[in-house]
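A short write-up of the structure that comes next.
What follows draws every value from the coordinates through simple rules; no lab data is involved. This is a predicted model, so every value here is computed, not measured. Because the Cβ atoms are built from the backbone with ideal geometry, glycine has one as well, and the counts that use them run over all protein chains shown.
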Amino acid sequence: MPSTALADTIAANRASIQSSIGAVADHPVELIAVSKRQPDERIEAALECGHRIFGENRVQEAQEHWGGRRDIEGLTLHLIGPLQSNKSEDAVALFDVIQTVDRPKIVRTLAQAAEKIGRTPDVFIQVNTGQEPQKAGVLPSGLADLVALTRDTYPGRLVGLMCIPPVDEPAGPHFALLSKLAARHGLEKLSMGMSADYALAASFGATHVRVGSAFFGERESD
Ligand SMILES: *Cc1c(COP(=O)(O)O)cnc(C)c1O
């Protein structure tokens, strides 16, 4: 059992994030609590205060955190980190939503894994809005083809777009671009905004914000 103080802190963080979002957005925004590199007692505390939507950026760590908890009622797990094709089956088996589809090979391996395992997580396409060479995500110029391929070959639903803006630029223009691209392709969901800018993202129409340290406290370094 987590200490009462810890449970209180996390419940207060959660309430404060939700109220900041509520102050700027009049549409529903799902708060994804990013539990990567967080101690188990904090995850327990989050569950205890009723939180059920979590994000992880590595498949293996997610299995360690959530493999034994998959039967918790209402639990929704999002993969928000880069996916290697050899992890597609594990990802399809564990996650409800995969936000980081960014190349044809991943679409194909996810489609195969979904057929084999008989689960079809919803997917988002990650867009490299800042066109950063080192960053995951399809370039905006390649998005139309990847949307078409996903719709043609993935047996589950393509629901939206996700982005991680460059750290050294204002995030607003990236959020605006993602929103415009989603509208152009008829996609409803927008995953954007982290601890530093979730309220800004919500004001730009985010339907999902991914919040780690502001929800749980600082992460362990590794
Ligand atoms: C770690 C991570 C987050 C959460 O980061 P915080 O700054 O702690 O909120 C959000 N999105 C992605 C893709 C991440 O890897």
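The residues of segment 6-51 that are over 13 Å from the mean Cα position of the chain (by Cα) and of a type in the set (S, T, Y), listed by number, are T9, S16, S19, S20. For segment 170-179, the set of residues classified as without any contact (Cβ under 8 Å) to a residue 24 or more places away in the chain and part of a helix (DSSP H, G or I) consists of P173 only. Remark: G74 matches the filter, which requires a residue to be in a loop (DSSP other than H, G, I, E, B), away from the ligand (no atom under 14 Å from the Cβ), out of contact with any Leu (no Cβ under 7 Å at 6 or more places or on another chain) and closer than 30 Å to S3 by Cβ. Filter segment 80-109 down to residues that are within 13 Å of the ligand (Cβ to nearest atom) and part of a loop (DSSP other than H, G, I, E, B) and give me whichever is surrounded by the most Cβ atoms within 10 Å (Cβ to Cβ). Checked segment 80-109; the qualifying residue surrounded by the most Cβ atoms within 10 Å (Cβ to Cβ) is I80. Has segment 146-169 got any residue that is within 14 Å of the ligand (Cβ to nearest atom) and over 27 Å from S88 (Cα atoms)? Taking every residue of segment 146-169 in turn, at least one turns out to be within 14 Å of the ligand (Cβ to nearest atom) and over 27 Å from S88 (Cα atoms). Scoring G22 on the criteria (1) surrounded by 17 or more Cβ atoms within 10 Å (Cβ to Cβ); (2) closer than 26 Å to A201 by Cα leaves a single failure, condition (1).
May I ask you to list the residues in segment 52-74 that are under 15 Å from the mean Cα position of the chain (by Cα) and either among the aromatic types (F, W, Y) or surrounded by 20 or more Cβ atoms within 10 Å (Cβ to Cβ) (or both)? Within segment 52-74, F54, G55, E56, N57, V59, A62 qualify.
Among the residues making up segment 180-203, a single one is of a type in the set (S, T, Y), surrounded by fewer than 18 Cβ atoms within 10 Å (Cβ to Cβ) and either touching a strand residue (DSSP E or B) at 6+ places or on another chain (Cβ under 9 Å) or without any contact (Cβ under 8 Å) to a residue 24 or more places away in the chain (or both): S195.
Conditions tested, residue by residue: (1) in contact with a Gly (Cβ under 9 Å, 6 or more places away or on another chain); (2) assigned to a helix (DSSP H, G or I).
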position	(1), (2)
P28	no, no
E44	no, yes
G55	yes, no
G67	no, yes
H78	yes, no
